[in-house]
Amino acid sequence: MEPSHSDPSTELLDKDQHPPVLSFSEPRSLTLSVRASALVFEDPVSRQLLKQIERIAPSDATVLIVGETGTGKELVARHIHALSARRNGPFGALNCAALTESLIESELFGHEKGAFTGALSSKDGWFESANNGTLFLDEIGDLPLGLQAKLLRVLQEREVVKVGARRATPVNVRVIGATNVNLEEAVEAGRFRADLYYRFNVATVQLVPLRDRPGDILPLARHFLKLYGDRLGYKEAKLTTEAEQALLAYNWPGNIRELENAIHRALLVCPGDHLRPEDFKLTGLRPPAPSMTASTASLEHAVRQLCERAPPRLFELIEATVLRTALDFCEHNQVQTARLLAISRNVLRHRMGLYGLLPGHRPGTNGGGNHPSAPRSSHASAQGCCD
Ligand SMILES: Nc1ncnc2c1ncn2[C@@H]1O[C@H](COP(=O)(O)OP(=O)(O)OP(=O)(O)O)[C@@H](O)[C@H]1O
Ligand SMILES: [Mg+2]
């Protein structure tokens, strides 16, 4: 499908599909689209995230959005675009996983007439079509290695070379990448270029799974109830208390998209105005075991991998990483960090001293002696970073 500005209000493909090309809408039309009609951010975790997004948006930095399926990566990318100075420029969205390796180069960078069999005329790629705007590259981890090198060049040089062209064309595009796989693991496995990873890692937005921001579940449910209720003509529809409890107890593997679909479906099957638990057909209506949520499981997995590698001073490595990540999360506010970690501020400051995390301190200068340099955070703080 050719990128085009001719029909700015059109969502080209159904939102539940995973098409290569999602839209090229004129920014104001976003308010008309279901996807971006509202952003619900009620849980404290989400509010924190919204603040981070609002800080990043005007900076023009390359952004990486990381999150499980259905957590709102594309919606957040659109929001970043809408809050940026590029808001009046185009927003393009391309799913890197949905294009074959042979197609993707000409899709991204365009081609000249006769560049390959079937290239009957020259064509702009997504970069040129998104000029002065934002290009959202979904599932960036699936970009073939050869293309990763070319993308890196575009990000560095700010110019594209069409397939079959001899000269480069300058482009002014902000790139937002998204992934639901761990790019660091992909780098270690040689599937993703480290230099491109660092380029994308200028500003990282980590979207938390819905089960870990329970304060969003009911506000989102009510938001979708209103949205689909209005559309379907069920304006009085409400959740019963039992249905609310069921939604809160469920662990939402498909995240916000699953919740959206569940509400839509319940509205269609519910005989009256009050949605009951049985209207939802949630596949696993049980609370996740408190001792093993998905995030605890992935933490355990990460620690297990570290155990297998047995680096020196493993415990210190983990503790320093926990401290630094929590400090980053709390924007280096020590009182909030101590509260988050449920330790006293004194203990926090003592441990920060050991790992050289106190402002103006170096590792080990606070009585820690031989402590290893604290490992750098894998996700650079978004604050004040620009391309
Ligand atoms: N904060 C939010 N408020 C309201 N609706 C939201 C929010 N986040 C996501 N949604 C809705 O949830 C659905 C899924 O969002 P989106 O497509 O952005 O997720 P995604 O992470 O890109 O999913 P995938 O990984 O499957 O591509 C969309 O319909 C979107 O409008
Ligand atoms: Mg998406």
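What the table below lists for this structure:
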item	result
Selection count, the stretch 256-273, where residues are crowded, with 20+ Cβ neighbours inside 10 Å, within 16 Å of ligand 2 (Cβ to nearest atom) and not acidic (Asp, Glu)	2
Residue in the stretch 252-263 that is under 19 Å from the mean Cα position of the chain (by Cα), within 13 Å of ligand 1 (Cβ to nearest atom) and among the basic types (Lys, Arg) present	yes
Single residue of the stretch 319-342 satisfying the filter (β-branched (Val, Ile, Thr) and surrounded by 16 or more Cβ atoms within 10 Å (Cβ to Cβ)) that is nearest to Leu354 (Cα to Cα)	Thr321
Total residues in the stretch 82-116, condition more than 14 Å from ligand 2 (Cβ to nearest atom) and either over 15 Å from Lys150 (Cβ atoms) or assigned to a helix (DSSP H, G or I) (or both)	23
Which listed residue, of Leu232, Leu247, is farther than 30 Å from Leu135 by Cα, of a type in the set (A, V, I, L, M) and buried (at least 16 other Cβ atoms within 10 Å of the Cβ)	Leu247
Options Val175, Val171, Val202; residue that is in contact (Cβ under 8 Å) with a residue 24 or more places away in the chain, within 16 Å of ligand 2 (Cβ to nearest atom) and of a type in the set (A, V, I, L, M)	Val175
Residue tally, condition under 16 Å from Leu220 (Cα atoms), of a type outside the set (D, E, K, R) and either surrounded by fewer than 16 Cβ atoms within 10 Å (Cβ to Cβ) or modelled with pLDDT of 95 or more (or both), over the stretch 47-70	1
Criterion violated by Lys238 - all others in (1) touching a residue at least 60 places away in the same chain (Cβ under 8 Å); (2) more than 30 Å from Pro144 (Cβ to Cβ) satisfied	(1)
The stretch 65-91 residues that are at positive phi, paired with ones that are more than 8 Å from ligand 1 (Cβ to nearest atom) and of a type in the set (Asp, Glu) (beta carbon under 8 Å, 6 or more apart)	Gly70/Glu258
Subset of the stretch 84-142 (residues that are surrounded by fewer than 22 Cβ atoms within 10 Å (Cβ to Cβ), hydrophobic (A, V, I, L, M, F, W, C) and within 20 Å of Val63 (Cα to Cα))	Ala85, Ala97
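Here is a yes/no grid of residues against (1) among the acidic types (Asp, Glu); (2) in contact with a strand residue (DSSP E or B) (Cβ under 7 Å, 6 or more places away or on another chain); (3) within 16 Å of Leu210 (Cβ to Cβ); (4) within 15 Å of ligand 1 (Cβ to nearest atom):
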| position | (1), (2), (3), (4) |
| --- | --- |
| Gln48 | no, no, yes, yes |
| Lys51 | no, no, no, yes |
| Asp60 | yes, yes, no, no |
| Leu64 | no, yes, no, yes |
| Thr69 | no, no, yes, yes |
| Lys73 | no, yes, yes, yes |
| Ala77 | no, yes, no, yes |
| Ile80 | no, yes, no, yes |
| Leu83 | no, no, no, yes |
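The values are calculated or read from the model by the stated rules, or taken from the named source; none is laboratory data. The structure displayed is predicted, hence computed values, not measured ones. In this analysis, Cβ positions are derived from the backbone assuming ideal geometry, glycine residues included, and neighbour counts consider all displayed protein chains.
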